[in-house]
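Scroll down for the structure; my scribbles are underneath it.
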Amino acid sequence: MRKTLFEPCDENATAELARHVANFVYGSLVILLEGELGAGKTFFVRALAGKLGYRGAKSPSFTLVHEYHSPRTPLTLLHADFYRLGQEEAELLGAELEQQCNEDCFAAIEWAQRWKNPPTSDCWSICFETLTYLDHRRIEFSSRGRHAAKIFDQAIDSLPKSLKNLIKYPRDALNECGVPEESGDLPC
């Protein structure tokens with residue numbers, strides 16, 4: 001697993017990161033979004049969707065899944081929200097969404113922490129943590145699977161300077177446990 005931490009991210013930086021990441025989504029990708037209420041998950045998906053031309057993206061909290069199509073891309077976006085689901089329901093819906101993701105479709109799943117057995121390949125995980133100062137968050141971006149990691153590297157390597165300045169630890173500064181090397185934590 002490769003990781004990069006961005007901090008602090010206000011709404012502008014969060015939207016810029018989402019729009020940048022949108023340039024790298026591909027069919028079969030599953031994007032897992034985690035974080036507490038109001039941390040920025042839906043905001044991030046709306047910015048990503050807007051960049052790709054998906055109109056009217058909104059939280060699927062009550063419908064569970066929204067499907068979006070765009071004239072700008074052949075990819076279908078499945079935007080799901082697991083907030084109202086129990087673990088068993090999240091497992092079932094997650095497995096169904098993973099099956100639907102193919103070369104013509106990708107998924108963005110909010111409250112993905114409720115899915116205990118998410119995919120181990122073609123997956124990006126984006127964790128949002130609200131910081132103590134208003135409208136700022138910490139965003140940890142990671143990838144799983146060889147292809148996802150390759151595309152992740154391309155996305156991180158091509159970040160605009162405004163986003164590179166927010167990186168607190170890059171993917172190559174982590175040990176095999178995902179802990180920053182300079183932290184002094186014991187190896188796993």
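The values are calculated or read from the model by the stated rules, or taken from the named source; none is laboratory data. The structure presented is a predicted model; accordingly, all values stated were derived computationally and were not measured. Note that we place each Cβ from the backbone using ideal geometry, even for glycine, and neighbour counts take in every protein chain shown. With ligands, DNA and RNA removed, areas are computed over all heavy atoms of the protein, side chains included. Shrake-Rupley method; radii C 1.70, N 1.55, O 1.52, S 1.80 Å.
Once the Cα-Cα distance is subtracted from the 0.36 nm per residue extended length, the residue 70 to residue 12 segment shows a gain of 18.5 nm.
If you sort 111, 124 by accessible surface, 1.4 Å probe, largest first, the order is 111, 124. Keeping all protein chains in position, work out how much accessible area residue 69 exposes to a 1.4 Å probe, and write it in Å² to the nearest 10. Near enough 120 Å² of accessible area. Overall, the chain carries a charge dipole of about 560 debye about its Cα centre when +1 sits on the Cβ of Lys and Arg and -1 on the Cβ of Asp and Glu, all other atoms neutral. Under 5 Å between amide hydrogens, built in the peptide plane, is the criterion, and for residue 137 it picks out 9, 10, 131 among residues at least 5 positions away or on other chains. Loop by DSSP (not H, G, I, E, B), at most 14 other beta-carbon atoms within 10 Å: where is the longest site-free stretch of the chain for GluC sites (Glu not before Pro)? So the longest stretch without any such site is 104-175. If only the Cβ of Lys and Arg carry +1 and only the Cβ of Asp and Glu carry -1, the dipole of segment 1-87 around its Cα centre is close to 300 debye. To put it simply, the accessible area of segment 1-160 at a 1.4 Å probe is 48 percent carbon and sulfur.
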